[in-house]
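The values are calculated or read from the model by the stated rules, or taken from the named source; none is laboratory data. Note that the structure is a prediction, hence the values are computed from the model and not measured. Positions of Cβ are backbone-derived with ideal geometry, glycine not excepted, and every protein chain shown enters the neighbour counts.
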């Protein structure tokens with residue numbers, strides 16, 4: 001694992017993806033959903049707070065994009081499992097509480113050492129964002145673009 005601080009954002013200059021991944025270490029609360037919980041979450045209004053009232057676990061992201069996150073966890077999670085995830089993103093000047101329904105699309109053992117045993121990739125299916133500073137909705141791409149524009153204006157990128 002890297003020595004990033006919680007919420008620290010590192011932008012990659014040569015990223016070619018449509019929705020670039022941003023290296024960011026953020027604590028995550030998550031719950032792997034049962035088949036019944038997944039079906040309800042996919043077919044109705046999804047409220048991660050209600051799903052995660054109890055029995056949630058903790059992980060940590062190592063990169064974030066508009067489409068999903070890569071994160072460390074301490075349990076082996078099956079591919080195609082659905083998860084409820086919540087995380088608080090904070091970059092200079094902006095704070096965003098993100099809640100999502102996600103699907104596990106990648107899973108591997110963490111061979112880098114450290115606290116976590118596994119690395120997983122999640123694809124967002126449904127996501128809700130709330131900009132806590134302005135009480136308006138803001139999507140993750142906007143959040144990352146604002147941070148990138150701020151760095152470009154300061155001549156740091």
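What are the residues in segment 51-68 that are free of Cβ contacts under 8 Å to residues at least 40 places away in the same chain, touching a strand residue (DSSP E or B) at 6+ places or on another chain (Cβ under 7 Å) and in a loop (DSSP other than H, G, I, E, B), if any?
52, 55, 56
So is residue 113 on the phi > 0 side of the Ramachandran plot and at pLDDT 70 or above or not?
Here the answer is yes, as residue 113 does meet what is asked.
Name the residues in segment 47-65 that are in contact with a helix residue (DSSP H, G or I) (Cβ under 8 Å, 6 or more places away or on another chain) and modelled with pLDDT under 85, would you?
Of everything in segment 47-65, those that are in contact with a helix residue (DSSP H, G or I) (Cβ under 8 Å, 6 or more places away or on another chain) and modelled with pLDDT under 85 turn out to be 51, 65.
Scan segment 95-128 residue by residue and report those that are crowded, with 19+ Cβ neighbours inside 10 Å and in contact with a helix residue (DSSP H, G or I) (Cβ under 8 Å, 6 or more places away or on another chain).
Correct list: 96, 98, 99, 100, 101.
Find the residue count for segment 51-80, including only residues that are more than 23 Å from residue 110 (Cβ to Cβ) and surrounded by 12 or more Cβ atoms within 10 Å (Cβ to Cβ).
Residues meeting the conditions: 3.
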